[in-house]
Each structure stands twice: as structure tokens, then as C-alpha cells.
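One structure is given below, encoded as C-alpha cells.
The values are calculated or read from the model by the stated rules, or taken from the named source; none is laboratory data. Keep in mind that what you see is a predicted model, and the values were worked out from it rather than measured. A quick note on method: Cβ atoms are made from the backbone with ideal geometry, for glycine too, and the neighbour counts reach across all protein chains shown. Note: areas computed on protein heavy atoms with side chains; ligands, DNA, RNA excluded. Shrake-Rupley method; radii C 1.70, N 1.55, O 1.52, S 1.80 Å.
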Amino acid sequence: AYCTHSNNQTNEEDKAKQELVKQLKLRVKENPDSASIRMMLVNALDSLKLYTEAIAQTDSLILRDSLNNGLWFARAQLLESKKDTAAAIASYEKAVSVYPSIESQLNLANLYAETGNSRALALCQNVTRMGLDRGIEASCDFIAGVYHARKGNNDKALLFFDRSINNNYTLMEAYMEKGFVYYTTKKYEDALKTFETAITVNNQYADAYYWKAKTQEAMGEKEQALINYERSLGLDKQLTEAREAINRLK
């Protein structure tokens, strides 16, 4: 009954979003020069995961205002959601060239890191030199850690993830990436400890339970793994991998 209610609610929400898109398209037609209405349409399309249409709308805005950092940034984020990493990088680069905001630099550095591009480190050093706050420093160390993890420099990656956690102990992605390093190198005890620490910090974080379960399964602790797969799915119904693992272990 709970799932049915949840699905009905989702369908109602989607219908409302679709209606909003319809209304905003009419308003854009009536006011083609209104940047604010067009941006509202971009956000509405984004909420429905209609990324190609949303990008087309940002392109229309960029034609009129090509030196707007915010528009290039919005375009990059849509491309990132669409999983078009190369195009997202190009748009973040454009955003940074127009105005090097911290947010644009960190988002660009993060994608550089994911693709093993050493420019990630240079950007992070540039941001760190500004001496803003510990949260920004934590993000920079996290990104450097991701870069080293993708390059297989595991010791360096772990060093940066620890530094990141020291500056921001609630940065869940840092615990997860640290755990992944241990998991992929089959250091399951260390991986387990890391995911357990993440759960202590945030006991509503579904991915931490999922990876704790995955580690327990790799260690042969199938009953414990099943419990944590179920916990992760309870927190995030979209975790299809958890559902598959539950079916496999039952």
C-alpha cells in the first residue's frame, strides 16, 4: 500500500510539472525576450529530466547574452545531468573564462578529476590559495583525492580524503570515495570501518548502507549484508542495485 501511495504521489507531481512546462512554454512564446520566464522553463524541464529541451532553452539565452557566467554554468550542469561529460567540461570552461567563480572552478575541477585530467589539481590549488574557508578547502582536497583515486595513486588519494574529512566531517562523498579505494583493493575490513563511520555521521545516507552491505557480502557475511541492503533500499527506493542484491541473497 505504501508503494502504491508513493507511486500515485510521484505521478501527480509529474503531471503538475508537465502542466507547468506547458504554461511556461506559452509564456515564453508571448514574451520571447524574457530571460526570467525562459529560466523558469529551463528549471521546470530540468525537474522532469528533459535535459535536451532545457539545454536548447539555455542556448537561446546564451545567443542573447554570451558573456553570462550563470548561463554557461546552468548549461554545464544540465549536460552533466545528461551524462555528457565532455560537453559539460567545455561549458564549465566557458563559464570560468567569463568569470572564475568558486562554484564554476570547483565543478570544472571535479569533472577534470573524474576524467583523470591533472588540471583538476591546478584549479584546486588556485581556489585553495584564496584562503576562503575550511569547507572550500575540504572540497578541494576531496577533488584532489578523486583525481589520485582515478589515476590509481591510492595512498595519495586516501591522504587527501582524510584531509577533506578533517576539514568537513559531514562530507559524505569523501567517506564513500575512501571506502571505494579500500573496497577495490580488497581491504574489506578498512572499507567496512569507513562505511560504518559514514553511517555514524549520517544514518540516513542510503549509499553508505548499500556499500557496507556490498563489503559484508564480499566478506561472506551474507545475513548481515541482506539487512543492510534492505536498510539502503528503505532509505532510497530508487536504489535498484540494492533491490537486485536482496533478490539474489534471499
Legend entry - Extreme residue, farthest from the chain's Cα centre (by Cα), among residues of the range 126-135 that are farther than 15 Å from Glu173 by Cβ and either open to solvent by less than 40 Å² (accessible area, probe 1.4 Å) or in contact (Cβ under 8 Å) with a residue 12 or more places away in the chain (or both): Met130
Inset, instruction - Quick one: Ile102 ticks every box in (1) closer than 27 Å to Lys193 by Cα; (2) touching a residue at least 12 places away in the same chain (Cβ under 8 Å) except a single one, so which number is it? - result: (1)
Inset, instruction - Output the qualifying pairs, or none if there are none: Cβ atoms under 7 angstrom, residues six or more apart or on different chains, first residue in the range 221-235 and closer than 17 Å to Tyr188 by Cβ and open to solvent by less than 80 Å² (accessible area, probe 1.4 Å), second residue β-branched (Val, Ile, Thr) and outside any helix (DSSP H, G or I). - result: none
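Hand me the list of helices (runs of 4 or more DSSP H) wholly inside the range 53-147 holding 3 or more residues that are of a type in the set (A, V, I, L, M, F, W, C), touching a helix residue (DSSP H, G or I) at 6+ places or on another chain (Cβ under 7 Å) and over 26 Å from Lys25 (Cβ atoms). Please lay out each step first, then the result.
Details: elements: 69-81, 85-98, 102-114, 119-128.
Fully inside the range 53-147 and qualifying: 85-98, 102-114, 119-128.
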Inset, instruction - Could you please let me know if Leu159 is surrounded by fewer than 17 Cβ atoms within 10 Å (Cβ to Cβ) and within 15 Å of Val146 (Cβ to Cβ)? - result: yes
Inset, instruction - Sort through Ser139, Ser104, Ser60 and tell me the only one that's under 19 Å from the mean Cα position of the chain (by Cα), under 27 Å from Ser36 (Cα atoms), open to solvent by less than 50 Å² (accessible area, probe 1.4 Å) and not acidic (Asp, Glu). - result: Ser104
Legend entry - Pairs where the first residue, in the range 46-66, is more than 16 Å from Lys22 (Cβ to Cβ) and modelled with pLDDT of 95 or more and the second is open to solvent by 60 Å² or more (accessible area, probe 1.4 Å) and basic (Lys, Arg), C-beta under 7 Å, 6+ apart: Tyr51/Lys82
